[in-house]
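One structure below.
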Amino acid sequence: EGAFTQGMGLFTMEELVWGDSNHKWIRPGNLFTQGPGAYKIPSFNDVPLDLRISLLKNAPNPKAIHSSKAIGEPPLFLAASVFYAIKNAVEAA
């Protein structure tokens, strides 16, 4: 749940601020909002009310340590589905 919520924040809440005519204190072409200090971390109120998570059963992974499953990037990037759902809803409106 945590990685999905973090990814949802990454794809829908994070604002990129570049050096341009609106942001004269930043050198042109430089990204001002980089690193964890500029990242808006989703709060408890940003988590969907209905978030159903299930773990993959009976799927051994003999090449991993103790048959572990991926826990980092896959759920984070699954949150791109939130961005595309919003994009499709706006296009359909």
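Listed by first and then second residue, the pairs with beta-carbon distance under 6 Å, at least 6 apart or on different chains, first residue in the stretch 44-61 and without any contact (Cβ under 8 Å) to a residue 40 or more places away in the chain, second not charged (D, E, K, R), are PRO60/SER67; ASN61/SER67.
Of all the criteria given as (1) over 25 Å from the mean Cα position of the chain (by Cα); (2) at pLDDT 80 or above; (3) polar (S, T, N, Q), the one not satisfied by ASN45 is (1). Residues satisfying the criterion are absent from the stretch 50-64 (criterion: at pLDDT 80 or above, closer than 19 Å to ALA3 by Cβ and assigned to a helix (DSSP H, G or I)).
The values are calculated or read from the model by the stated rules, or taken from the named source; none is laboratory data. Note that this is a predicted model, so its numbers are computed, not measured. For neighbour counting, all protein chains shown are included, and Cβ atoms are generated from backbone atoms with ideal geometry for every residue, glycine included.
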